[in-house]
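The values are calculated or read from the model by the stated rules, or taken from the named source; none is laboratory data. Small disclaimer: the values here were computed from a predicted structure and weren't measured. Using ideal geometry, Cβ is built from the backbone for each residue, glycine included, and neighbour counts are taken over all protein chains shown.
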Amino acid sequence: MDEVSLHVAAPAERIYDLISDVTQMGRWSPECTGGRWLDGSTGPAVGARFKGSNKKGVMRWSTKCEITKAERASAFEWQVAESGMLWGYRFEPDGDGTLVTEYREKTRDTPFYVKAVQRSGLIGKDRENLMVDGMKATLEKVKQAAETG
């Protein structure tokens, strides 16, 4: 499991609302350009599905995701169908604000075609470190938005 934590001087509810709006994820993430709700879903709820859009260099791809946790001010989590990765955020009280932790965990084997693309370098060399660096960058942008808005 990979995870990155950052103190944010804002209430957990505000941070949760920013992160759980998947249509706005492109504002925070260096790779995800946004998402759109599927199957009539309009917001974060367990079982809701969304399509995530991603970009790295000239490569573009999308994923189908299902929310597995949607507990305002506590946790937001989703399973990515294509990669077998579980992504999420935890929110914990921390002094004058919130400790926000972004994490990802492999929950099943990654299909061979996804592994082939990852190994090709088309979506970046040293993919594992890119993911951790991306989590850090995402949390920094969320921090800035939560603390100023």
Restricting attention to strands (runs of 3 or more DSSP E) lying wholly within the range 39-115, give those where 2 or more residues are within 25 Å of Glu147 (Cβ to Cβ) and modelled with pLDDT of 95 or more. 59-71, 75-80, 85-94, 97-106
When residues of the range 67-92 are limited to those that are of a type in the set (D, E, K, R) and touching a Gly at 6+ places or on another chain (Cβ under 7 Å), the one nearest to Leu6 (Cα to Cα): Glu77
Going by the conditions given, is Glu102 closer than 18 Å to Leu38 by Cβ and either surrounded by 16 or more Cβ atoms within 10 Å (Cβ to Cβ) or without any contact (Cβ under 8 Å) to a residue 12 or more places away in the chain (or both)? no
Return yes or no: is Val8 within 18 Å of Ala70 (Cβ to Cβ) and among the β-branched types (Val, Ile, Thr)? no
Testing Glu3 on (1) under 15 Å from the mean Cα position of the chain (by Cα); (2) surrounded by 15 or more Cβ atoms within 10 Å (Cβ to Cβ); (3) within 23 Å of Lys136 (Cβ to Cβ); (4) modelled with pLDDT of 95 or more, one condition comes back false. Which one is that? (2)
Within the range 7-35, residues in contact with a helix residue (DSSP H, G or I) (Cβ under 6 Å, 6 or more places away or on another chain), assigned to a strand (DSSP E or B) and at pLDDT 95 or above come out as Val8, Gly35
Does Ala48 count as in contact (Cβ under 8 Å) with a residue 12 or more places away in the chain, in contact with a helix residue (DSSP H, G or I) (Cβ under 7 Å, 6 or more places away or on another chain), among the hydrophobic types (A, V, I, L, M, F, W, C) and over 21 Å from Asp133 (Cβ atoms)? no
Of the residues in the range 62-79, those that are surrounded by 15 or more Cβ atoms within 10 Å (Cβ to Cβ) and either in contact (Cβ under 8 Å) with a residue 60 or more places away in the chain or closer than 20 Å to Leu18 by Cα (or both) come to Cys65, Glu66, Ile67, Thr68, Lys69, Ala70, Ala73, Ala75, Phe76, Glu77, Trp78, Gln79
If you go through the range 116-145, how many residues are modelled with pLDDT of 70 or more and of a type in the set (Lys, Arg)? 3
